[in-house]
Structures are given as C-alpha cells and as structure tokens.
Amino acid sequence: MRHFIFRRSVPLVVAAVLACATPALAQTPTLAELAKKEQDRRKATAPATKVITNKDLPKPSTPPGVPAPAAAAPADTKPAEAKAAEQKAAGEDADSKGEEYWRSRMASAREELRRAEMFQEALQSRINALSTDFVNRDDPYQRAKIAEDRQKAFTELERVKADIDKATRAIADIEEEARVAGVPPGWLR
C-alpha cells in the first residue's frame, strides 16, 4: 500500500514544483535584457568624456626646428643634441643617414652588449668552478694556484661588467641621438 501511494504522489509533487517554478522562470530576464540594462546604467553614470584635438593644445613657444633650451649636462659627457649639432657642423647631416645606417649601428651596439653579457656568464661559471675546486683541495700549493686563477677571473669579471655598462650607455646614447635627429623608432629595432 505504501508503495502505491508513493507512486501516485511523485507525479503530483513534480507537477506542483513545475507549476511553482514556471512563473519564476518566466520573470527571469534574458541575457540580452541584462546587457541592455547594464549599458544604460553605464551611460547614465559615466562622466562625460572630452576628445582633445590639435586645436585644443597650446601653441609651442619655440618655432618648429629650433631646439628647446637644453638642461644642464654633466661636464664629462655631451648630450645627444650637442653631438647632433657637431655632426651637422661637420657635414654629417642626420637626414642623409638612411635606415641601413641606423639599423647597422644599433645592431652592432646590441651585439657588443650581448657578447659582453655572454662573457660575463662564462666568467661567473669559471669563478664558481674554481671556488668549488679551491674548497675541495688539500694541497696548499694547488690551493694557492687556484686562488690566483680565481682572483684573475674576478678582476676580468669587473672589467667585463664595466664593458656591459659602457655598451648599455652606448645603446641609450644612440637611441637619444636618433630621437633628436628625428629617426623613426622602427629603424632602431
């Protein structure tokens, strides 16, 4: 008897649940309606944006082609503007230098930096190997020889680090010189 009642009540319960859920599902907004409401909300709360054109910008105080006054530079280095002016005075107009000139100049500077960094890594590996070898030796004569070789490698590593700094500065100087000369950035890649 229980089994009979259970069989008859299950379809009634399912029908009751569906009857209650159908109005709730019908009232749920679709994704498109929600998107439209969110778009309207954002338009209402968004601040007004202003498009700035060239007409809105202030006019420069110096005419085009005349460089602005340069900031104070260190005494030992010349700014890129001064270098460009010297080149123009010497007859090396930056406009006459083409894309190939700038590409090859930047490529050689980057290659120099890459080689110095690779040499630094090799020296550091040698120093690490010599340090391990030094610790594992018992003979004082061999330890002294290894210590001497390790010290030479340290000295060379310091020199290579200075070369890396110099190459990094050279790349920055080329980029600045190209910027002042009006070279398109794509030529330096």
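Values in this text are rule-based calculations from the coordinates and carry no lab data. Computed from a prediction, not measured in an experiment: that's the story for all the values here. Backbone-built Cβ (ideal geometry, glycine too); neighbour counts: all protein chains shown.
List of remarks:
- The stretch 124-163 shape via C-alpha gyration tensor axes, a/c threshold 1.5: oblate
- Simple spin-label estimate for Leu34 and Met118 in nanometres, 7 Å along Cα-Cβ: 5.6
- Over the stretch 118-189, relative contact order from alpha-carbon pairs under 8 Å, at least 6 apart, %: 31
- Shown for Thr155, Thr49, Thr168: other C-beta atoms within 10 Å of each C-beta, ranked fewest to most, produce the order Thr49, Thr155, Thr168.
- Length released on extending from Lys55 to Tyr141, taking residue separation times 0.36 nm less the Cα-Cα span: 23.0 nm
- For the stretch 150-189 and the stretch 98-119, distance of Cα centres in Å: 9
- Full-extension gain in nm, Ala44 to Arg126, via 0.36 nm per residue minus C-alpha separation: 22.9 nm
- Taken over the Cα atoms of the stretch 118-189, the convex hull encloses 65 Å³ per residue.
- Residue order, fewest to most surrounding Cβ atoms within 10 angstrom, among Tyr101, Tyr141: Tyr141, Tyr101
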